[in-house]
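Structure first, then comments.
The values are calculated or read from the model by the stated rules, or taken from the named source; none is laboratory data. The shown structure was predicted, so the numbers you read here are calculated from the model rather than taken from an experiment. Here Cβ is always computed from backbone atoms with ideal geometry, including for glycine, and neighbour counts include all displayed protein chains. Ligands, DNA and RNA are excluded from the accessible area calculation, which covers all protein heavy atoms including side chains. Shrake-Rupley method; radii C 1.70, N 1.55, O 1.52, S 1.80 Å.
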Amino acid sequence: MKIRRVLSSFLVSMSLVASVPMMTGCEEVADALQGASDGETASALKQALQIGVTTAVNKLSSEGYMADAATKIGIPESAITAFEIYNELKGNKGASAVLDQLGFTDDLEDNLVTAFNNAATDAAPKSAKILADEVTGLTIQDAKDILFGADNAATVKLQNDCQSDLMAAFHPTITESMNNVKVANMSATQLWSKFATGNNKLYEWVNTTAGQIAIKALPIAGVKSSVVDKISSVSTVNPDISDEITGRALDGLFTKIAEKELGIRTNVAERTNDLLRRVFGQLDKN
């Protein structure tokens, strides 16, 4: 009988304990594992993008496009062949003399690259307000689509939505900078004009009868057949390079924003507040 009374008392005690709400650490963990609300997701995505924008603009404005291989603006593709020809032939006295007359020099390529990157650096701060306004307009549906998307989904959304506005904002600044910033006592516009004039004269010469005869004689003068082929395939370039440099400047900007987005998505240490840790922590479990 004594044993029965003890068991009965124990069971009653257990039932009373079970009826009391359990506010334990286990419940807190369960709450933390639940997905964030739609509003929290939208807020976190906006924060992440704004961090990316601020980081990218500040870095490019202070350190410049040249400082990072991922953003450095090189010679446009349309100009590569002409500079390859110059670098191959500058040791050949006859060919070098012709190229010098066309305006090619040893430092022209480096000077152009420096001028292009300086112009892009000048324009970078112009993007801050446009990008901030676009981030503010991010909707809950946008956020839901983006969160579990690609590692650069937010950046791609931002780029698609405001590319034309950014082009319009960047272009005047790029043009002004290319007209004013001097490298080797010449502006970027003057340097490119010098190159474009020489390149296009080379193209015209290649397509004359005299040019074709001279090209056929180049192997006799010791010019490699691969270089002869490049001379024959040289094309014209646009004397106005501002559109291309504007586009390349924006590409570099979004490259840096995407890097920051990736960091927040994959690196817990880059989630600098509870909201970012809560929302992007969902990605760690997927």
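When both residues are 6+ apart or on different chains and their Cβ atoms are under 8 Å apart, which pairs have a first residue that lies in the stretch 227-252 and is of a type in the set (Asp, Glu), and a second that is open to solvent by less than 70 Å² (accessible area, probe 1.4 Å) and assigned to a helix (DSSP H, G or I)?
Asp243/His171
Write out, first by first residue and then by second, each pair whose Cβ atoms fall under 9 Å of each other, whose residues are 6+ apart or on separate chains, and whose first residue, in the stretch 264-280, is part of a loop (DSSP other than H, G, I, E, B) while the second is basic (Lys, Arg) and open to solvent by 10 Å² or more (accessible area, probe 1.4 Å).
Arg271/Arg277; Arg271/Arg278
Name, by its number, the condition in (1) surrounded by fewer than 18 Cβ atoms within 10 Å (Cβ to Cβ); (2) touching a residue at least 12 places away in the same chain (Cβ under 8 Å); (3) hydrophobic (A, V, I, L, M, F, W, C); (4) in a helix (DSSP H, G or I) that does not hold for Ile75.
Of (1) surrounded by fewer than 18 Cβ atoms within 10 Å (Cβ to Cβ); (2) touching a residue at least 12 places away in the same chain (Cβ under 8 Å); (3) hydrophobic (A, V, I, L, M, F, W, C); (4) in a helix (DSSP H, G or I), only one is false for Ile75: (4).
Restricting the stretch 192-221 to residues that are open to solvent by 60 Å² or more (accessible area, probe 1.4 Å), over 22 Å from Ala79 (Cβ atoms) and out of contact with any helix residue (DSSP H, G or I) (no Cβ under 8 Å at 6 or more places or on another chain), which is modelled with the highest pLDDT?
The qualifying residue modelled with the highest pLDDT is Thr209.
Filter the stretch 136-146 down to the residues that are modelled with pLDDT under 90 and in contact with a Leu (Cβ under 8 Å, 6 or more places away or on another chain), then identify the one that is nearest to Glu261 (Cα to Cα).
Among those that are modelled with pLDDT under 90 and in contact with a Leu (Cβ under 8 Å, 6 or more places away or on another chain), it is Ala143.
Looking at the stretch 78-96, which of its residues are open to solvent by 40 Å² or more (accessible area, probe 1.4 Å), closer than 19 Å to Gly222 by Cα, not in a loop (DSSP other than H, G, I, E, B) and not basic (Lys, Arg)?
Correct list: Glu84, Asn87, Glu88, Gly94.
Can you name every residue in the stretch 249-281 that is farther than 17 Å from Ile51 by Cα, in contact with a helix residue (DSSP H, G or I) (Cβ under 7 Å, 6 or more places away or on another chain) and not small (Gly, Ala, Ser)?
Leu250
Ala123: in contact with a Phe, Trp or Tyr (Cβ under 6 Å, 6 or more places away or on another chain) and at pLDDT below 90, yes or no?
yes
For Thr189, indicate whether it is farther than 19 Å from Met66 by Cβ, assigned to a helix (DSSP H, G or I), modelled with pLDDT of 90 or more and out of contact with any Cys (no Cβ under 8 Å at 6 or more places or on another chain).
It is false that Thr189 is farther than 19 Å from Met66 by Cβ, assigned to a helix (DSSP H, G or I), modelled with pLDDT of 90 or more and out of contact with any Cys (no Cβ under 8 Å at 6 or more places or on another chain).
I want to confirm something. Restricting to the stretch 65-120 and keeping residues that are among the hydroxyl-bearing types (Ser, Thr, Tyr) and more than 21 Å from Trp205 (Cβ to Cβ), which single residue is modelled with the lowest pLDDT?
That would be Thr114.
Filter the stretch 102-124 for residues that are without any contact (Cβ under 8 Å) to a residue 12 or more places away in the chain and assigned to a helix (DSSP H, G or I) and give the result. Explain how you work it out, then say what you get.
Step one: filter the stretch 102-124 for residues without any contact (Cβ under 8 Å) to a residue 12 or more places away in the chain, giving 105, 110.
Hit for the stretch 102-124 is Asp110, nothing else.
Which residue is nearest to Ala249 (Cα to Cα), if the candidates are limited to the stretch 139-151 and must be surrounded by fewer than 20 Cβ atoms within 10 Å (Cβ to Cβ) and touching a residue at least 40 places away in the same chain (Cβ under 8 Å)?
Going through the qualifying residues, I end up with Asp151.
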